[in-house]
Amino acid sequence: MRPFTYVRAESLRDALDNARTADTRFLAGGTELLNWARIGIESPRRLVDIGRLPDLHEITSDSDGLRIGALARLNDVAQDPRVEASYPVLSQAILKSASAQLRNLATIGGNPVQRTRCPYFRSPGPVACNKRVPKSGCAALHGANERLAIFGWTEDCVAVQPSDPAVALACLDAEITTEHVDGGRRIPAPEFHTLPGEDPSAHNVLRPGELITGIEIGAPVPKSAYVKVRERQSYEFALVSAAAAVEIQDGLISRARLALGSVAMRPWRLYDAEQALVGLRPGSPAVREAVTSGFSASRPLSSNAYKIPLARNTALRALDLALEA
């Protein structure tokens with residue numbers, strides 16, 4: 001590990017000013033950044049510790065919805081009574097995202113910026129990976145790709161985004177708020193991560209020195225649920241996951257939102273299925289057909305065709321749980 005400069009920010013303005021220096025990274029919970037440094041993915045020259053910034057740890061609510069400060073710990077968000085009652089899909093996704101010890105350190109603002117778990121991206125030795133070394137190729141395209149993408153991939157990158165909370169936030173149409181020395185912005189959660197067709201080397205749309213300050217979610221969605229399929233129950237990333245949020249009127253589905261995780265480099269919304277579900281009676285055979293319609297754009301790699309039926313059935317299970325909530 002090469003030497004680096006450590007700075008503790010005393011205010012948001014102080015953090016943004018310190019981030020003007022090239023090759024700077026923000027440090028909050030540190031659960032992901034330290035991993036990057038350990039395996040050589042990142043070697044920043046400057047770390048700006050934002051862990052003690054005031055006002056970014058709070059969870060507040062009003063008639064417009066919920067605002068979660070970026071530095072709120074994952075466990076604090078998952079166990080907040082307002083989140084448990086009004087946004088159960090987010091609480092469930094967080095509780096399935098990591099061990100309790102990690103959730104006590106990791107922040108809601110830091111979790112969505114975690115990097116892909118593609119084995120070639122995280123390889124200790126040099127391999128072709130456009131995310132690790134731009135224009136070097138994609139060893140996973142014809143390699144060990146059984147856990148990788150079935151949507152939105154190109155020959156330049158077949159990786160998937162691993163965050164569980166990000167899937168729930170995309171399903172809820174949350175907005176991620178940021179600040180930067182040139183001005184902040186509001187980023188829709190479904191558009192926060194970058195598909196390889198846009199830039200195979202990118203992970204998300206954040207600019208250098210841009211800091212996530214909070215997450216805002218609209219009206220409560222108590223009929224929502226999250227399902228994660230993984231090889232073991234403790235501390236494992238998803239093979240596939242699904243978040244569902246529904247509204248019912250006069251016994252029929254009046255609105256449905258479905259997002260899949262670990263199937264693309266961003267949480268993948270099934271927009272066609274969402275439209276097809278409107279007006280259907282819960283439990284009817286047409287519900288399965290509607291969800292299946294959302295998979296018309298899926299494309300398996302050489303070793304992961306199993307993920308298409310698995311993701312479809314996971315989405316159906318999440319939808320059933322949301323309807324029962």
Hey, residue 125 hits all of (1) open to solvent by 40 Å² or more (accessible area, probe 1.4 Å); (2) modelled with pLDDT under 95 but one; which does it fall short on? (1)
Meets criteria (over 30 Å from residue 102 (Cβ atoms) and at pLDDT below 95) for residue 279: no
For segment 212-231, which residues satisfy the criterion of being surrounded by fewer than 23 Cβ atoms within 10 Å (Cβ to Cβ) and farther than 26 Å from residue 319 by Cα? 213
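Among the residues of segment 300-325, write down those that are touching a Phe, Trp or Tyr at 6+ places or on another chain (Cβ under 7 Å) and free of Cβ contacts under 8 Å to residues at least 60 places away in the same chain.
Of everything in segment 300-325, just one residue is touching a Phe, Trp or Tyr at 6+ places or on another chain (Cβ under 7 Å) and free of Cβ contacts under 8 Å to residues at least 60 places away in the same chain, namely 312.
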Which condition breaks for residue 103 when tested against (1) under 16 Å from the mean Cα position of the chain (by Cα); (2) basic (Lys, Arg); (3) in a loop (DSSP other than H, G, I, E, B)? (3)
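Residues are listed down the side, and each one gets a yes or a no for (1) among the aliphatic types (A, V, I, L, M); (2) buried (at least 24 other Cβ atoms within 10 Å of the Cβ):
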residue	(1), (2)
157	no, yes
160	yes, yes
166	yes, yes
170	yes, yes
179	no, no
184	no, no
197	no, no
Of all residues in segment 43-58, which are buried (at least 16 other Cβ atoms within 10 Å of the Cβ) and either touching a Lys or Arg at 6+ places or on another chain (Cβ under 7 Å) or of a type in the set (Ser, Thr, Tyr) (or both)? 44, 47, 49
Test residue 303 against the stated conditions and say whether it is within 24 Å of residue 196 (Cβ to Cβ) and in contact with an Asp or Glu (Cβ under 7 Å, 6 or more places away or on another chain). yes
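Residues checked against (1) more than 25 Å from residue 296 (Cβ to Cβ); (2) not in a helix (DSSP H, G or I); (3) not aromatic (Phe, Trp, Tyr):
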site	(1), (2), (3)
133	yes, yes, yes
136	yes, yes, yes
140	no, no, yes
144	yes, yes, yes
150	no, yes, yes
161	no, yes, yes
165	yes, no, yes
168	no, no, yes
How many residues are under 28 Å from residue 131 (Cα atoms), part of a helix (DSSP H, G or I) and among the hydrophobic types (A, V, I, L, M, F, W, C) when one looks only at segment 1-49? 7
Failed condition for residue 33, given (1) at pLDDT below 90; (2) more than 30 Å from residue 123 (Cα to Cα); (3) in contact with a Leu (Cβ under 8 Å, 6 or more places away or on another chain); (4) not charged (D, E, K, R): (2)
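Regarding residue 227, is this residue under 19 Å from residue 95 (Cα atoms), over 17 Å from the mean Cα position of the chain (by Cα) and modelled with pLDDT of 95 or more? Step through it out loud before you land on a result.
Numbers: under 19 Å from residue 95 (Cα atoms): yes; over 17 Å from the mean Cα position of the chain (by Cα): no; modelled with pLDDT of 95 or more: yes.
When the stated conditions are applied, residue 227 does not pass them.
Each row is one residue, and each column tells you yes or no for (1) of a type in the set (Asp, Glu); (2) more than 16 Å from residue 165 (Cα to Cα); (3) in a helix (DSSP H, G or I); (4) in contact with a strand residue (DSSP E or B) (Cβ under 9 Å, 6 or more places away or on another chain).
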| site | (1), (2), (3), (4) |
| --- | --- |
| 51 | no, yes, no, yes |
| 61 | no, yes, no, yes |
| 76 | yes, no, yes, yes |
| 85 | no, yes, yes, no |
| 90 | no, no, yes, yes |
Since residue 303 meets every condition but one in (1) more than 20 Å from residue 189 (Cβ to Cβ); (2) within 19 Å of the chain's Cα centre (by Cα), which condition does it not meet? (2)
Quick one: count up the residues across segment 191-201 that are in contact (Cβ under 8 Å) with a residue 60 or more places away in the chain and in a loop (DSSP other than H, G, I, E, B). 6
Would you say residue 75 is without any contact (Cβ under 8 Å) to a residue 60 or more places away in the chain and within 26 Å of residue 132 (Cα to Cα)? no
The number of residues in segment 243-293 that are surrounded by fewer than 20 Cβ atoms within 10 Å (Cβ to Cβ), of a type outside the set (Lys, Arg) and out of contact with any Asp or Glu (no Cβ under 8 Å at 6 or more places or on another chain) is 19
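The values are calculated or read from the model by the stated rules, or taken from the named source; none is laboratory data. None of the values given here were measured: they were computed from a predicted structure. Positions of Cβ are generated from backbone atoms using ideal geometry, with glycine treated the same way; all protein chains shown enter the neighbour counts. When the accessible area is computed, the model is the full protein with side chains, heavy atoms only, and any ligands, DNA or RNA have been set aside. Shrake-Rupley method; radii C 1.70, N 1.55, O 1.52, S 1.80 Å.
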